[in-house]
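S.K.: If you scroll down you'll find the structure; I have some questions about it.
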Amino acid sequence: MAGRVLEKRVGLYVFGLAKEHHRKYAKDMFLATFTDRFAPIMFNFDEEDKLRILERRSERKNPKHKLPKVELPLKDVCVYVKVPSGLYAEVNRLAMLLDSEKAMSFVRAQTHIVNFVKANADLNGRKSVVEDDLKLFKLVLPLYFGARSGSVDVKVREAILECSMNGKRVAGREVKDRVTAETGCSEREVQRVLSRLREENVVNFLKVSGGRRYDFKYWL
């Protein structure tokens, strides 16, 4: 994109930045209001994830391997998305949380969250932000604080997000089976994470019958 100027565009992009480059350029990025428009997420990979990434990179060195092409959702005209006043209390609470955790200043955090939820609303064809846009932000919130890829919390959130992106609801039983298999943790640990997500209103959920026991289904 060198030499190209983008104006009046709305989109969501992910750029990787190595640790050594982050140390070198992070201060300039923050001073230049970089975080008003970009999410400064931190992700610590487990050894298994690192090996899996290296294996994928090795596959891509095969000349027959074709890289996926992703068409960016650039807009030709300026897009206006409304944020209902009733949602600002939660936006402000999250902004204060980012500030208290030193992720970014409270003012910049508010701007960043508003841009995030507006972008998600637009990508879903809506002219107004809804509560589910905020729930998506809350679901990925640990990434702003340096999430560990193999943690139970991250794996539970991944399972719900992946199913939601495919337009599906996922049962708590499915989440437990998947996460316990991936991490070797106990079902009780997964249940604690699911309970916290329900209590903090991070995801949508519905209580469903399961014989003498009951379960929940989760989605965004």
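S.K.: Quick check on segment 29-67: of everything there that is over 22 Å from the mean Cα position of the chain (by Cα) and not in a helix (DSSP H, G or I), which residue is modelled with the highest pLDDT?
M.R.: The extreme case among them is LYS66.
S.K.: Could you pull out the residue among LEU161, LEU141, LEU123 that is under 21 Å from ALA95 (Cβ atoms) and either in contact (Cβ under 8 Å) with a residue 40 or more places away in the chain or polar (S, T, N, Q) (or both)?
M.R.: LEU141
S.K.: Then there is this: What number of residues within segment 93-142 are in contact with a strand residue (DSSP E or B) (Cβ under 6 Å, 6 or more places away or on another chain) and either modelled with pLDDT under 90 or of a type in the set (A, V, I, L, M, F, W, C) (or both)?
M.R.: Total satisfying the criteria: 0.
S.K.: In segment 84-107, what residues are assigned to a loop (DSSP other than H, G, I, E, B) and out of contact with any His (no Cβ under 9 Å at 6 or more places or on another chain)?
M.R.: PRO84, GLU101, LYS102, ALA103, SER105
S.K.: On to the next question. Take the residues in segment 79-93 that are of a type in the set (A, V, I, L, M, F, W, C) and surrounded by 10 or more Cβ atoms within 10 Å (Cβ to Cβ); name whichever of them is nearest to SER105 (Cα to Cα).
M.R.: Ranking the candidates gives VAL91 first.
S.K.: Let me ask something else. VAL70 is checked against (1) part of a loop (DSSP other than H, G, I, E, B); (2) surrounded by 10 or more Cβ atoms within 10 Å (Cβ to Cβ); (3) among the β-branched types (Val, Ile, Thr) and fails just one. What number does that condition carry?
M.R.: Every condition holds for VAL70 apart from (2).
S.K.: On to the next question. For segment 13-23, does any single residue satisfy the condition of being at pLDDT 80 or above and over 20 Å from VAL154 (Cβ atoms)?
M.R.: For segment 13-23, residues at pLDDT 80 or above and over 20 Å from VAL154 (Cβ atoms): absent.
The values are calculated or read from the model by the stated rules, or taken from the named source; none is laboratory data. Here the structure is a predicted model, which means the values were calculated and not measured. Glycine gets a Cβ as well: all are built from the backbone with ideal geometry, and neighbour counts include every protein chain shown.
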